[in-house]
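See structure below.
The values are calculated or read from the model by the stated rules, or taken from the named source; none is laboratory data. This is a predicted model, so every value here is computed, not measured. Note that we place each Cβ from the backbone using ideal geometry, even for glycine, and neighbour counts take in every protein chain shown. What goes into the accessible areas is simple: the full protein's heavy atoms, side chains included, and nothing from ligands, DNA or RNA. Shrake-Rupley method; radii C 1.70, N 1.55, O 1.52, S 1.80 Å.
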Amino acid sequence: MKRAIHYKRVLLKLSGEGFGNNDGRGLEMERFIALAKEIRKLSRSGIELAIVVGGGNILRGAKFGGMGISRVQADQAGMIATAVNALLLQDTLERYGVNARVVSAIEIKSIAEPIVLRKCLQYLKENNVVIFAGGTGNPYFTTDTAAVLRAVEIGADVMLKATQVDGVYTDDPVKNPSATLYKKLSYMDVLNKRLGVMDLTAISLGMENKLPIIVFNINKHENVGKAISGKPVGTYIGE
């Protein structure tokens, strides 16, 4: 039976840490496989799915930029790390019968296509999962900003931000067990309270374009599908 759809075209943001071990580092193929199985179910429901991947499990540019390495080059290395995750995710999806295309904001001719919006939209209509690599293609911008940007470009109905916790809290729930979960926030709430769920550029771009954002725990079974079907999951950020 097909899952009920609340959002037709969806942009899913996956952090690099979600592909790593319990410390968010390295590459754990079990994580890729679990995600591919969930996406296979979603692809059968008729949604159009695009994914932006991070690369923090391999290298986080902002961190290396503070260790004596040029921030520009550190961020460029981080963009390459996102391509590693994108290619492995594509291969895993295809092994589970899901057509996937990797497009990149940085030029990697032999392994990924450049981002051409018309082609990306056509791929989505043809039931291909479009995986965006390379961030925005520019240093100093996070993959959260890239995710909002791509969501706006493709006309996504919603952006889903997958995290390792249940949503947005009043404080870091790992450090503060008494922190409470927000069920719903406005863009201005996030900006004024500087909640840190996403960088301010990403939130501002989402607000300007009225893009709903749902922050949720990727590790809980079928949370992606629940969010897409309109069930209350994590924290909803909107107007």
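Out of (1) under 23 Å from Val103 (Cβ atoms); (2) open to solvent by less than 30 Å² (accessible area, probe 1.4 Å), the odd one out for Val233 is which?
So the condition that Val233 fails would be (1).
For region 173-196, how many residues meet the condition of being touching a strand residue (DSSP E or B) at 6+ places or on another chain (Cβ under 6 Å) and either of a type in the set (Asp, Glu) or closer than 21 Å to Gly20 by Cβ (or both)?
The number of residues fulfilling the criteria is 0.
Within region 197-227, how many residues are closer than 24 Å to Glu17 by Cα and open to solvent by 60 Å² or more (accessible area, probe 1.4 Å)?
Of the residues in region 197-227, 6 are closer than 24 Å to Glu17 by Cα and open to solvent by 60 Å² or more (accessible area, probe 1.4 Å).
Tell me the helices (runs of 4 or more DSSP H) entirely within region 140-210 that contain at least 1 residues that are without any contact (Cβ under 8 Å) to a residue 24 or more places away in the chain, over 26 Å from Ala81 (Cβ atoms) and of a type in the set (Lys, Arg). Reasoning before the result, please.
Values: elements: 143-154, 187-193, 200-208.
Helices (runs of 4 or more DSSP H) meeting the threshold: 187-193.
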